[in-house]
Amino acid sequence: MTDALIPALMPTENIFPIFVEAMFTKNFLLVMFLGLCSYVGLTTNSDTSKGMSMAVTFVMTMSAILTWPIYYYLLSDASFLGNDLTFLKTICFILVIAAFVQLVEFIIRKFSPPLYRSLGIYLPLISTNCAVLGVVLLNIQEGYTYGASILYAFGAGLGYSWVMLATAAVREKLIMRDVQLFSGFIGAFFAAMMAALIVASYFAVVKL
Amino acid sequence: MTLMLPAVAVLGALGLAMAAMLVWASKVFYVPTDPIVDALIELMPGANCGACGYPGCADAAEHIVAGDVTPDVCTSCDAETFELIGELLGMEISAAEPTYPITLCQGGTNCKDRYDYIGADTCRAAILLAGTKKACSYGCIGLGDCVRACMFDAIEIADNGLPKIKKYNCKGCGACVRECPQQVLTIAKEHGPVYVVCSSHDKGKYVKEICEFGCIGCGICKKNCPEGAIKLVKAVAVIDQEKCTQCGTCIGVCPRNAIVKL
Amino acid sequence: MANKSFVGEIIRGIIKDNPVFVLVLGLCPTLAVSTSFANALGMALAFTFVMLGSNIFVSLLRKQIPADVRIPIFILIICTFVTMIDMMLEAFLPPMYDALGIFVPLIVVNCIVIGRAEAYANRNPVLPSIADGIGISIGFAAALMLIGSIREILGTGGLKLVMLNVVDGVPGFYPLSAIPGLSFIPEVIKFPIEPAVVMITPPGAFLTIATLMLLFKIMGDRKRVKQLIKEGYEL
């Protein structure tokens, strides 16, 4: 683990597979099942999906940048304290993510009120988004170097974004055509079935 | 036990650092807000339905505290919420009388189609060609743009092709009224007012051919109204709600059953 | 609030406020770990521990927690219990720990736990909060085990009913036949159907939950319509 402690911004291993994995074969929404609450709730409107995707990608990347050094320099047994405090990782990561999101909310509220009004309500939602905490924990689990974790987080954010935007594009159109079978809930059912079929055909292409 | 001290130290230090950073940030990036407005926003339903005429609950709260409007402009609040708002602002409030949208059209399946329409399932698309898909260019198309505009699931297209309001869900916000491309929806009090339920400016002879209940502009209602509250605007009768005493005389004399008392 | 009974609150958490089918919260672990009945049960037990711990402590401290920083404080309290159950699982039930993976630490951001802490435990005394915690946990467990069983039956053709047990001093999830008195239950209940492996994969999860949500929505709608007709609304 010693070379992992060197915060190499250019990672030593081949990072392209990691990036592609994060975006496609290990896509956070369709394969890893992280971030589903926001997916199901926000994809009926393409504007909110756009806002949420940008915010999530930003928060994921910044969280990876902030949490990797904390884990390796503060909590692991190679830290200057010399104790293995890795059991504190969950609470430390969530502390950092929540504080960072709150900081971003302050900044956006001060400098761009229109941006705050359009996506300000999603920022507190992101700090409890499983996808963000999931990225950070997976970075540690897979033992990536600093550069690789940042790229993984960015790839995960992009993967989340493309699925959100693609689904929003389809669901917005679906709302126009109500399938008049039962009492109107059928629309949402077909949206869920559509998600299932996307994932199924996805697997046929990606061949897991 | 040996781990307890370092663990507490690390977590405590991290927590303090984050807290200090946030305190600093909240001072540096401070945006002044009125605490009363914040408290009022907490109490309001937060549906951002637009019934009050302002773009959102936050905006409405600011105007209410500034004194531009009274709180009963919010039709989504129930009596309990009004009590709490009244306590907060120090005033007596009672809920306004409930209002619901009505359709000024009795066409739907009673009105002939101009052509077989195959296209996007929205009213806005169906009015683009040859003067709307229904033979009456001014009436309700019935493809449900109003249904989709409603965020409370309070309106649906009934079997007769006209919008039907589910009063237990309707908040009187007026989103459907704004959305209707034919502008045949309007907000009215639940009981009492008398309306001519036709918007057709077509000549009477034509209306007779295409619609069972359309107003033909004969003017009998206008002649019989004791208050003179009815006038004819381009071949359709319109009742002036300010002058109308809701006596109902016009309802009896209309040969087409085009006038209705709610 | 004082008139609600303890049992009534529990039942409300199971049916009227079922976290998965009614509140539609906590979808991530539901879809990810319901690949089999055993995994679903493991997740349900871990969730119950965290839910009860968090509800009790948030309720005990509700008068002391300042309103503007309440969400971070809830997360801190929940995180304590999550770290505890994470370490307990890793120590005592390693196979289940491997099966659940990162979804155990992710209970800390599970919308259900934070949501109930904010909406209920923060405003009610300890005993009703315990009832709410039990109810929501049973509701979540029921939903999870239902989906898990369906996916396991359709995906592998057999159902392995397990329970937390200690056999020869080793704790683990053993089949029900290990419990004295229930040894007549076979280890794997076989169903005479052709297994469809797609049910174990992610698309199968979406399919199952979509179908179940539709069924529950239809049943709920029928009930609501009957209720409205009773109250005299014309429909």
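Since every read-out is calculated from the coordinates, none of them should be taken as a lab result. Remember, predicted model here, so these are calculated numbers, not experimental data. So basically every Cβ, Gly included, is an ideal-geometry build from the backbone, and we count neighbours across all protein chains shown.
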Open item on the list: I'd like to know which of B:Tyr115, B:Ala229, B:Val184 lies farthest towards the positive end of the charge dipole of chain B, counting +1 on Cβ of Lys and Arg and -1 on Cβ of Asp and Glu.
Closed with: B:Tyr115
TODO: Please tell me the relative contact order of region C:6-230 in percent, rounded to the nearest whole number, where contacts are Cα pairs under 8 Å and at least six residues apart.
DONE: 29 percent
Task: Hits among lysines - C-alpha to C-alpha of C:Lys190 under 28 Å, sequence gap 8 or more where chains match - done: C:Lys160
TODO: Grab the eigenvalues of the alpha-carbon gyration tensor for chain B, scale each by 5, take roots, and send me the semi-axes largest first in whole angstrom.
DONE: 53, 25, 14
- [ ] Tell me the Kirkwood hydrodynamic radius of region C:1-144 in angstroms, computed as one over the mean inverse distance between distinct C-alpha pairs.
- [x] 15.1 Å
Task: Mean Cα-pair separation over length for region A:12-165, i.e. relative contact order, pairs under 8 Å, 6 or more apart, % - done: 45 percent
Task: Rg(Cα)/(2.2 N^0.38 Å) for region B:124-168, N = residue count - done: 1.25
Open item on the list: Inside 10 Å of the C-beta atoms of A:82-94, what's the mean count of C-beta atoms belonging to other chains?
Closed with: 6
- [ ] For region B:119-170, state which trypsin sites (Lys or Arg not before Pro) are in a DSSP loop and have at most 15 other beta carbons lying within 10 Å of their beta carbon.
- [x] B:Lys167
TODO: Filter the GluC sites (Glu not before Pro) in region C:114-220 down to the DSSP loop ones having no more than 14 other Cβ atoms within 10 Å, then list what survives.
DONE: C:Glu187
Open item on the list: What aspartates and glutamates does B:Lys234 reach when the alpha-carbon gap must be under 19 Å and sequence neighbours fewer than 8 apart in one chain are set aside?
Closed with: B:Asp202, B:Glu209
Task: Cut-off 12 Å between beta-carbons: net charge of the residues surrounding B:Cys123, Lys and Arg +1, Asp and Glu -1 - done: +1
Open item on the list: Give me the one-decimal Kirkwood hydrodynamic radius in Å for region B:102-183, with the sum taken over alpha-carbon pairs.
Closed with: 12.9 Å
TODO: Treat every Asp and Glu Cβ in the protein assembly as shown as -1 and every Lys and Arg Cβ as +1, leave all other atoms uncharged, and give the resulting dipole magnitude about the Cα centre to the nearest 20 debye.
DONE: 2120 debye
TODO: Can you check what the Kirkwood hydrodynamic radius comes to for region B:169-262, Cα pairs only, in Å to one decimal?
DONE: 14.0 Å
Task: Taking only Cα atoms of the protein assembly as shown, radius of gyration then Dmax in Å - done: 30.2, 100
Open item on the list: Order these by the 10 Å Cβ neighbour count, fewest first: C:Met96, C:Met88.
Closed with: C:Met88, C:Met96
Open item on the list: Using Cβ counts within 10 Å as a stand-in for footprinting exposure, how do B:His63, B:His191 rank, fewest first?
Closed with: B:His191, B:His63
TODO: Amide H neighbours of C:Met163 under 5 Å, at least 5 residues apart or on other chains, H built in the peptide plane: list them.
DONE: C:Tyr174, C:Leu176
Open item on the list: Let's test this: bin the Cα-Cα distances of region A:12-165 at 5 Å from zero up to the farthest pair and state each bin's percent.
Closed with: 2, 10, 19, 21, 19, 14, 9, 4, 2, 0, 0
Open item on the list: If you filter region C:79-165 for trypsin sites (Lys or Arg not before Pro), then keep DSSP loop positions with at most 14 other Cβ within 10 Å, what is left?
Closed with: C:Arg123
Task: Given chain C, longest segment not containing exposed loop chymotrypsin sites (Phe, Trp or Tyr not before Pro) (DSSP; at most 13 other Cβ within 10 Å) - done: C:1-183
Open item on the list: To the nearest 20 Debye, how big is the dipole of region B:102-183 about its Cα centre, given +1 on the beta carbon of each Lys and Arg and -1 on that of each Asp and Glu?
Closed with: 220 debye
Task: Pairs from B:Lys167/C:Lys223; B:Lys205/B:Lys261; B:Lys171/B:Lys203 whose Cα-Cα separation, in the structure shown, is over 30 Å - done: B:Lys171/B:Lys203
TODO: State which stretch of chain B is the longest one without any exposed GluC sites (Glu not before Pro), exposure meaning a DSSP loop state and at most 11 other Cβ atoms within 10 Å.
DONE: B:93-241
